[in-house]
Amino acid sequence: MKDVVDIQDLGISFSTDAGTVVAVDGVTLSVHPGEVLAIVGESGSGKTVTAKSILGLLPETASTRGAVILRHKDGSDENDVFQVSRAKLRHLRGRDAAMVFQEPSTALNPVYPVGWQIIEGLRAHGKHTRAEARAQAIDILRRVGIPDPEVRVDHYPHQFSGGQKQRIVIAQALVLDPGVIIADEPTTALDVTVQAEILDLLRRCRDEFGTSIVLITHNMGVVADLADRVAVMFQGRIIEQADVETLFSSPREPYTKQLLAAVPRVGQGLAGARDRAERRQEDWAEQTPVVEAKDLRIVYPGRFRQPDFVAVDSVSFRIRPGEVLGLVGESGSGKTTIGRGIAGLTKVTGGSLLVHGVEMNGVRERHFRPVRPRIGFVFQDPATSFNPLLSIAECVAEPLIVHGEAGSAAEARGRVDELLEAVQLPKAFGDRFPHELSGGQRQRASLARAIALQPELLIADEPTSALDVSVQAKVLDLFDELQRELGFAALFISHDLAVVDMLADRIVVLYHGKVVEEGTGETVLGSPRDPYTQRLLASLPVPDPIEQAKRRARWDELRAADVS
């Protein structure tokens with residue numbers, strides 16, 4: 001059979017105020033029937049633009065050359081996406097090729113039931129009675145693993161979890177039985193266990209529906225788990241193509257080797273933890289903890305006659321001076337709630353939480369205000385935590401101004417320049433606005449703001465989850481370097497066990513608001529006792545196709561045991 005997608009000498013450029021920007025340059029690529037092709041590379045490499053060209057989703061400012069041939073699943077029809085009319089292109093979308101977007105919350109319309117949104121695609125491509133279309137929507141929801149599809153077909157997007165919303169977006173893509181699905185970072189914002197389930201679903205799309213998949217990702221573990229063939233993109237060009245086992249075992253290009261080397265692996269943090277332990281003072285264990293929780297309980301009161309929600313239940317732990325505590329678990333496990341409780345952003349409702357000697361249970365703001373400068377906070381998404389109307393220098397200077405260390409941003413500029421240099425950003429970046437920085441650069445600026453007041457405690461909430469692997473590696477190295485130099489204690493919140501293992505001295509595993517396991521990385525990740533920790537570890541994809549196949553089998557065993 002012929003390839004379902006055949007891209008020939010593709011070139012794409014965009015007209016901007018600063019001139020023409022070449023996004024894709026001379027890409028030739030094919031997608032075979034029933035295969036998973038992964039296109040990998042850092043942000044700005046051109047992978048998403050290349051994938052969107054298959055569906056003709058490029059903006060009007062784009063200039064193109066070359067050809068993108070899209071064939072029907074049975075080979076009965078083929079079209080050059082760049083040459084067909086708009087009406088024909090609408091017909092091809094969904095029937096021959098469909099898209100699974102990175103963020104399902106924005107891909108789904110919040111004001112319509114999910115069933116209506118699936119049916120809308122069916123009606124756009126054929127004549128179906130209302131009953132037939134509803135039956136198809138229910139069937140496809142069942143096939144992608146949505147429980148009680150007969151009822152949930154009438155539910156709205158906000159009534160589903162993140163993983164379920166991603167399943168619904170995949171159902172939308174599958175309902176017209178396309179020849180190829182373009183999956184753009186389909187697991188980036190998901191927990192590792194939910195990610196493993198979505199990867200299983202995509203594998204089933206290939207095996208049961210015979211659908212080819214173009215996987216756009218920067219997660220090399222996901223590539224090892226799912227892909228048959230890999231194309232590596234760098235600065236708009238494909239620099240290397242190979243089957244997945246060859247690429248991981250013997251990459252040719254230095255850039256590919258660099259990408260693979262940047263992936264964090266469980267077990268890498270052991271040397272760093274020992275190094276930090278050797279540098280500590282002899283009486284370190286006897287020092288007063290920076291944070292001490294005893295039977296901590298945080299409850300969100302129910303609204304509109306709904307019952308109260310217990311987010312954190314009987315949690316106990318300590319963070320000593322200069323220690324990095326890793327807090328891991330899935331969404332809803334209580335990680336961020338604990339971090340916000342320590343920072344005084346969420347009310348403590350039971351037990352005891354001492355932060356710098358101040359009891360947070362029942363604390364008044366006037367008692368906690370002197371403690372605030374001693375705590376820094378790094379948010380998950382710096383793009384939303386920065387005021388877009390302020391320059392980077394003004395954003396970094398905010399803590400200094402709020403706490404009376406400087407009268408204005410201009411007065412604080414000297415200190416801001418020092419902070420930017422400390423996080424390896426040029427001083428000139430202070431005059432830029434947040435949207436003018438890349439994701440990694442914004443996260444560096446966020447670190448600069450967090451350490452502006454030289455805090456004794458830093459709370460980092462998923463600070464690298466949305467970053468490319470190479471950028472993530474640089475930010476983690478920077479975090480480790482700053483922690484060594486400044487000596488602050490840290491609470492590092494993440495769902496990625498490998499990332500936590502690189503930085504943390506001790507790890508606490510949370511599940512439904514309770515601590516299920518605690519210890520050093522060597523103990524918790526080397527020989528986990530709790531079944532939940534075992535599932536977390538097995539669901540973490542590793543950048544090695546052979547090893548990942550074994551882990552996937554182990555994950556299936558644990559999940560089957562959990563169901564039974």
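Nothing in this text is a laboratory measurement; each read-out follows from the coordinates by a stated rule. The structure presented is a predicted model; accordingly, all values stated were derived computationally and were not measured. Note that we place each Cβ from the backbone using ideal geometry, even for glycine, and neighbour counts take in every protein chain shown.
Can you give the net charge of the other residues whose Cβ lies under 12 Å from the Cβ of Val24, counting K and R as +1 and D and E as -1? Display every interim value, and only then the final one.
Numbers: positive: Lys47, Lys52, Arg65, Arg237; negative: Asp9, Asp25.
Counting the neighbours of Val24, the net charge comes to +2.
Within region 5-261, what percent of beta bridges assigned by DSSP are antiparallel, to the nearest 5? The partial results should precede the final answer.
Values: 27 of 46 bridges.
For region 5-261, the DSSP antiparallel bridge percentage is about 60.
If you count, for each residue, the other Cβ atoms within 10 Å and average over each peptide, how do 308-319, 209-220 line up from highest to lowest? If you can, show how the numbers build up before the last one.
Details: 308-319: 18.1, 209-220: 22.3.
The peptides rank, most packed first, as 209-220, 308-319.
Give me the net charge for the shell around Ile12: Cβ to Cβ below 11 angstrom, other residues only, Lys and Arg +1, Asp and Glu -1.
Values: positive: Lys52, Arg65; negative: Asp25.
Net charge in that neighbourhood comes out at +1.
In degrees from 0 to 90, rounded to the nearest 10, what is the angle of the helix 86-95 Cα long axis to the longest principal axis of the chain?
Computed tilt is about 70 degrees.
Could you sort the peptides 154-161, 232-239, 534-541 by per-residue average Cβ neighbour count (10 Å cutoff), highest mean leading?
On the way: 154-161: 14.6, 232-239: 20.2, 534-541: 23.0.
The packing order, highest mean first, is 534-541, 232-239, 154-161.
From the backbone phi of region 169-183, what are the Karplus-calculated ³J(HN,Hα) couplings (6.51 cos²θ - 1.76 cosθ + 1.60, θ = phi - 60°) in whole Hz, Gly and Pro given as x?
With the stated coefficients, region 169-183 comes to 5, 5, 4, 4, 5, 7, 4, 9, 6, x, x, 9, 10, 9, 9 Hz.
How many times 2.2 N^0.38 Å is the alpha carbon radius of gyration of region 1-150?
Values: Rg = 17.6 Å, N = 150, 2.2 N^0.38 = 14.8 Å.
Against the compact-globule rule of thumb, the ratio is 1.19.
What list of whole percents do you get for P(r) of region 428-564, with Cα-Cα distances grouped in 10 Å bins up to the one holding the largest distance?
Per 10 Å bin, starting at 0, the Cα pair percentages come out as 10, 34, 32, 16, 7, 1.
When the chain is fully extended, how far beyond the present Cα-Cα distance does Asp17 get from His72, taking 0.36 nm per residue of separation? It would help to have the intermediate numbers written out before the result.
Details: separation 55, 0.36 × 55 = 19.80 nm, distance 3.88 nm.
15.9 nm is the gain from fully extending Asp17 to His72.
Round to a whole angstrom and tell me the spacing of the C-alpha centers of region 351-367 and region 500-517.
Answer, in whole Å: 23.
Convex hull over the alpha-carbon atoms of region 270-521: what's its volume per residue in Å³? It would help to have the intermediate numbers written out before the result.
Numbers: hull volume 35.0 nm³, N = 252.
Cα-based convex hull of region 270-521, divided per residue, equals 139 Å³.
For region 1-129, what does the relative contact order come out to in percent, with C-alpha contacts under 8 Å and a separation of six or more?
Details: 164 pairs, mean separation 29.9, N = 129.
In percent, rounded to a whole number, it is 23.
Using all Cα-Cα distances in region 303-408, what percent lands in each 10 angstrom bin from 0 up to the longest?
11, 36, 35, 17, 2
Hey, what do the phi angles of region 100-107 turn into as Karplus ³J(HN,Hα) couplings, whole Hz, using 6.51/-1.76/1.60 and θ = phi - 60°, x for Gly and Pro?
So the Karplus estimates, Gly and Pro as x, are 10, 7, 5, 10, x, 5, 8, 6 Hz.
Averaging over all projection directions, find the projected area of the Cα convex hull of the chain and quote it in nm² with one decimal place. Please list the in-between numbers first.
On the way: hull surface 112.7 nm².
With every direction weighted equally, the projected area is 28.2 nm².
Convert each backbone phi in region 505-513 into a coupling constant with the Karplus relation 6.51 cos²θ - 1.76 cosθ + 1.60 (shift: θ = phi - 60°), then list the ³J(HN,Hα) values in order as whole Hz, x for Gly and Pro.
7, 9, 10, 10, 9, 10, 8, 6, x
When only Cα pairs under 8 Å and 6 or more residues apart are kept, what is the percent relative contact order across the chain? Mind showing how you got there, number by number?
Working: 1122 pairs, mean separation 87.4, N = 564.
So the answer I get is 15 percent.
Scale the Cα Rg of region 150-306 by the rule-of-thumb value 2.2 N^0.38 Å and send over the ratio, two decimals.
On the way: Rg = 22.5 Å, N = 157, 2.2 N^0.38 = 15.0 Å.
For region 150-306, the normalised Cα radius of gyration is 1.50.
For the chain, give me the percentage of DSSP beta bridges that are antiparallel, rounded to the nearest 5 percent. Present the calculation step by step, with values, prior to reporting the outcome.
Numbers: 46 of 83 bridges.
If we restrict to bridges inside the chain, about 55 percent are antiparallel.
With all pairs of different alpha carbon atoms counted, what Kirkwood hydrodynamic radius in Å does region 5-261 show? Before the final figure, lay out the partial values.
Numbers: mean 1/r = 0.0529 Å⁻¹.
Kirkwood hydrodynamic radius for region 5-261: 18.9 Å.
Mind ranking 397-405, 43-51 by how tightly packed they are, going by the mean number of other C-beta atoms within 10 angstrom, highest first? Numbers along the way, then the final one.
Values: 397-405: 16.9, 43-51: 21.7.
Most protected by this proxy first, the peptides run 43-51, 397-405.
At a threshold of 8 angstrom on Cα-Cα distance, excluding pairs fewer than six apart, so keeping six or more, what relative contact order does region 5-261 reach in percent?
Values: 473 pairs, mean separation 69.9, N = 257.
Once divided by the residue count of region 5-261, the mean separation gives 27 percent.
Could you tell me what percent of the DSSP beta bridges with both partners in region 458-564 are antiparallel, to the nearest 5?
Numbers: 5 of 9 bridges.
Percent antiparallel among DSSP bridges in region 458-564 is about 55.
In nm, give the distance between the simple-model label positions of Ser408 and Lys127, each being 7 Å from the Cα along the Cα-to-Cβ direction.
7.3 nm
Per the Kirkwood formula on distinct C-alpha pairs, the Rh of region 484-564 is how many angstrom?
Every distinct Cα pair counted, the radius reaches 13.9 Å.
Using the alpha-carbon centroid of each, what span in Å lies between region 179-231 and region 28-95?
18 Å
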